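The structure appears below as structure tokens.
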Amino acid sequence: MQAGVPERMVEGAIRLLAQHGYQAASFGAVLEVSKAPRGSIYHHFPGGKNQLIAAAIDLAGDRAITLVQGMRGLSAAEIVAGFVGAWRSLLQFSDFGAGCSALAVTVSADAPELIDRVGAVFRSWRTAIADVLEASGLGAEQARELSMMMLAACEGAVVLCRAERSFEPLDIVAAQLLVLAANAAPPDRAP
């Protein structure tokens, strides 16, 4: 079933944010990539561009949480590998042309309400990662700290990978995160 106009517009905004940043996610560009009729802009997003971008941030955030929650029951090392693997897949699929849409808003939007929203999304990601890590056997504090390292290190690595057009930064981050996961895991759950 084909997505409706607002859904296509949100999808287009996510893609534009991930590839080119906040400024590139203009209504004109979103209309072009989503094939939405021009009259639909203020009909579906009467609050303007920031309402559309907020919807894109929320959807991207929800998808990341769903991905992470799907890792419940895995070991800490498998969770690290799965999380890093998702970033690798994005980079590979886009030929290093896309990164994190939420990060793009953080570094390129001049709208405090959007920055606050991205902050909430990042906190929700860290919480979701910490929850699955704790379910893997890590203590609550270890899970919280490793989740912060995973998110911060992968976000930075993705930026470096895009700039260098190489997986090397992500590979190095993955190796170090796996060391941290092994050191944090209880002896019966260590890789």
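The values are calculated or read from the model by the stated rules, or taken from the named source; none is laboratory data. Just so it is clear, the model here is predicted, and its values are computed rather than measured. For neighbour counting, all protein chains shown are included, and Cβ atoms are generated from backbone atoms with ideal geometry for every residue, glycine included. When the accessible area is computed, the model is the full protein with side chains, heavy atoms only, and any ligands, DNA or RNA have been set aside. Shrake-Rupley method; radii C 1.70, N 1.55, O 1.52, S 1.80 Å.
Quick notes on this structure:
- Checked against (1) touching a helix residue (DSSP H, G or I) at 6+ places or on another chain (Cβ under 9 Å); (2) on the phi < 0 side of the Ramachandran plot; (3) surrounded by fewer than 21 Cβ atoms within 10 Å (Cβ to Cβ), GLN92 meets all criteria but (1).
- One residue alone among ALA128, ALA140, ALA175 is over 22 Å from ARG15 (Cβ atoms) and touching a residue at least 40 places away in the same chain (Cβ under 8 Å), and that residue is ALA128.
- Here is the figure for region 134-191: residues that are among the hydroxyl-bearing types (Ser, Thr, Tyr) and under 21 Å from the mean Cα position of the chain (by Cα) total 2.
- Residues located in region 16-26, provided they are in a helix (DSSP H, G or I) and crowded, with 19+ Cβ neighbours inside 10 Å: LEU16, LEU17, ALA18
- Verdict on VAL107 being open to solvent by less than 30 Å² (accessible area, probe 1.4 Å) and in a helix (DSSP H, G or I): no
- Within region 119-142, the set of residues being open to solvent by less than 80 Å² (accessible area, probe 1.4 Å) and closer than 26 Å to CYS161 by Cα comprises GLY119, ALA120, VAL121, PHE122, SER124, TRP125, ARG126, THR127, ALA128, ILE129, ALA130, LEU133.
- Filter result for the condition that a residue is touching a residue at least 24 places away in the same chain (Cβ under 8 Å) and not hydrophobic (A, V, I, L, M, F, W, C), over PRO169, PRO112, PRO186: PRO186
- Looking across ALA98, ALA54, one residue alone is outside any helix (DSSP H, G or I), open to solvent by less than 20 Å² (accessible area, probe 1.4 Å) and in contact (Cβ under 8 Å) with a residue 24 or more places away in the chain. It is ALA98.
- Filter result for GLY12 (closer than 27 Å to PHE96 by Cα, at pLDDT below 90, part of a helix (DSSP H, G or I) and open to solvent by less than 40 Å² (accessible area, probe 1.4 Å)): no
- Yes/no for ASP116 being open to solvent by 60 Å² or more (accessible area, probe 1.4 Å) and either within 21 Å of GLN19 (Cβ to Cβ) or aliphatic (A, V, I, L, M) (or both): no
- For region 158-191, the set of residues classified as open to solvent by 50 Å² or more (accessible area, probe 1.4 Å), at pLDDT 95 or above and in a loop (DSSP other than H, G, I, E, B) consists of ARG165 only.
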